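Q: Sharing a structure below in structure tokens format, with a few things to ask.
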Amino acid sequence: MNDLDKSIAGRLQTANNILIVSHVRPDGDAIGSLLGLGLALQAIGKQVQMVLSDGVPSSFRHLPGSDQVLRVQKTPPDLSIVVDCSDLKRVGKALDKYGAPDIVVDHHFTNGAFGTLNLIEPESPATASVLCQHMPAWGLTITSEVAANLLTGLITDTLGFRTLNTTPLSLRQAADLMELGANLNSLYTLGLVRRTLTAARYWGAGLGNLQYEGGIVWTALTLADRARSGYSGNDDADLINVVSSIAEGLVSIIFVEQANGTVKISWRTQDPNLDVSQVAVKFNGGGHKAAAGADIPGNLAEIKKRVLAETGKILKKS
Ligand code: 5GP
Ligand code: MN
């Protein structure tokens, strides 16, 4: 066991009341990592508070333990853990009273190691994959419920094992998780394929507005699109996965207007020579080379102009 694993194991074993948090607008890896680690710690007798400030979206409520997720913690923890977050800002308000977390487990390229103990593996396709690899060394057992959560993180962040960072190890981990009791067919369908009618109508609004210029395919989803379609989330309903499959786009972008006066941006590229996280960082966001995001305060039309101009620069360089 390496020193970092030993230190993490020590902190986990001595703690009693453990707080685990992940990012706002949580995706399958944020939720699967939070629940996978949380349930495994409960199984060794720890009191665990699992907190997502936006709660669990209905599309992930099939996951074991999802009914335990809180929006705000109830009691002061003696150990805090952040999973799948590249910076403290992404956590929302959950750690406001405690400052830097004790442990950070993540796979983001742009992670600034903001915890006391930082387990960050940027080559890993999912935080769930990092956990899968290290939890046994921390004395934690991957039960079938833990396995279902970790497999969900792996499936969703690799878009069904097709991202560039998917490795033979990712597939072996998935096979191990299946053997431990996770149902690939149902978790894959529920996590990545099935959509509600309102989400599909919301996609229709975004697809109806698709634009193309200079290698960039983009679209915007406005608050009005959301209201008309009846979509209840504040995200793009994963439309970015469709937009980024368009052959003409070297980079694809979605702008999602938010009720709080910001615009949520998602960037994707299939080109291994491009790094969209560098553009996201310019707007105080972050992510990976192939997938990045940012929340920018301001008005949609003006933000579109700035973001398209900055994104155009990395295309010109390459
Ligand atoms: P998405 O576009 O799906 O929201 O995010 C793509 C990737 O970028 C994910 O790995 C996500 O965690 C990261 N990301 C998205 N938005 C932000 C942000 O505002 N700040 C940071 N640091 N990372 C982000
Ligand atoms: Mn992730």
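Q: Is it the case that Val130 is more than 15 Å from ligand 2 (Cβ to nearest atom), modelled with pLDDT of 95 or more and crowded, with 21+ Cβ neighbours inside 10 Å?
A: Numbers: more than 15 Å from ligand 2 (Cβ to nearest atom): no; modelled with pLDDT of 95 or more: yes; crowded, with 21+ Cβ neighbours inside 10 Å: yes.
The answer is no for Val130.
Q: Could you pull out every one of the helices (runs of 4 or more DSSP H) wholly within the range 162-259 that has 3 or more residues that are touching a residue at least 24 places away in the same chain (Cβ under 8 Å) and of a type in the set (Val, Ile, Thr)? Write out each step before concluding.
A: Working: elements: 168-179, 184-188, 197-208, 223-229, 240-243.
Helices (runs of 4 or more DSSP H) meeting the threshold: 240-243.
Q: Let me ask something else. Scanning the range 17-37 for residues that are out of contact with any Asp or Glu (no Cβ under 6 Å at 6 or more places or on another chain) and either outside the structural domain of Lys74 (by TED's automatic domain parsing) or more than 16 Å from ligand 2 (Cβ to nearest atom) (or both), which turns out nearest to Gln258 (Cα to Cα)?
A: Ranking the qualifying residues of the range 17-37, first place goes to Leu19.
Q: Now for a different question. Can you name the condition, by its number, that Gly139 falls short on among (1) within 28 Å of Ile103 (Cα to Cα); (2) touching an Asp or Glu at 6+ places or on another chain (Cβ under 8 Å); (3) away from ligand 2 (no atom under 16 Å from the Cβ)?
A: Unmet condition: (2).
Q: Within the range 178-228, count every residue that is at positive phi and loosely packed, with under 13 Cβ neighbours inside 10 Å.
A: 1
Q: If we scan the range 283-301, do we find a residue that is part of a helix (DSSP H, G or I) and within 26 Å of Ala200 (Cα to Cα)?
A: Looking through the range 283-301, at least one residue is part of a helix (DSSP H, G or I) and within 26 Å of Ala200 (Cα to Cα).
Q: Same structure, new question: Of everything in the range 103-123 that's aliphatic (A, V, I, L, M) and surrounded by 17 or more Cβ atoms within 10 Å (Cβ to Cβ), which residue is nearest to Ser7 (Cα to Cα)?
A: Leu117
Q: Right, here's the next one. Tell me, please, whether a residue that is of a type in the set (D, E, K, R) and either at pLDDT below 95 or surrounded by 14 or more Cβ atoms within 10 Å (Cβ to Cβ) (or both) can be found in the range 56-71.
A: No, there is no match, as no residue in the range 56-71 is of a type in the set (D, E, K, R) and either at pLDDT below 95 or surrounded by 14 or more Cβ atoms within 10 Å (Cβ to Cβ) (or both).
Q: Right, next: Touching a residue at least 12 places away in the same chain (Cβ under 8 Å), in the same structural domain as Ser22 (by TED's automatic domain parsing) and under 14 Å from the mean Cα position of the chain (by Cα): does that describe Pro122?
A: Taking the combined requirement at face value, the residue satisfies it.
Q: Take the range 72-110 and flag every residue that is more than 28 Å from Thr143 (Cβ to Cβ), within 16 Å of the chain's Cα centre (by Cα) and either modelled with pLDDT of 95 or more or of a type outside the set (Asp, Glu) (or both).
A: Ser86, Leu88, Lys89, Arg90, Gly92, Phe109, Thr110
Q: Determine whether the range 308-317 contains at least one residue that is in contact with a helix residue (DSSP H, G or I) (Cβ under 7 Å, 6 or more places away or on another chain), within 15 Å of ligand 1 (Cβ to nearest atom), within 27 Å of Glu123 (Cα to Cα) and part of a strand (DSSP E or B).
A: For the range 308-317, residues in contact with a helix residue (DSSP H, G or I) (Cβ under 7 Å, 6 or more places away or on another chain), within 15 Å of ligand 1 (Cβ to nearest atom), within 27 Å of Glu123 (Cα to Cα) and part of a strand (DSSP E or B): absent.
Q: While we're here: From the set of residues in the range 260-282 that are assigned to a strand (DSSP E or B) and away from ligand 2 (no atom under 16 Å from the Cβ), which is surrounded by the fewest Cβ atoms within 10 Å (Cβ to Cβ)?
A: My answer is Thr262.
Q: Another question, if that's okay. Are there any pairs with C-beta distances below 8 angstrom linking a residue in the range 266-294 that is among the acidic types (Asp, Glu) to a residue that is more than 14 Å from ligand 2 (Cβ to nearest atom) and outside any strand (DSSP E or B), with the two at least 6 apart or on different chains, and if so which?
A: Short answer, once both residue conditions are applied: Asp271/Leu250; Asp271/Ser318; Asp275/Ile314.
The values are calculated or read from the model by the stated rules, or taken from the named source; none is laboratory data. Since the structure is predicted, the reported quantities are computational estimates derived from the model, not experimental observations. Virtual Cβ from ideal backbone geometry, glycine too; neighbours counted across all protein chains shown.
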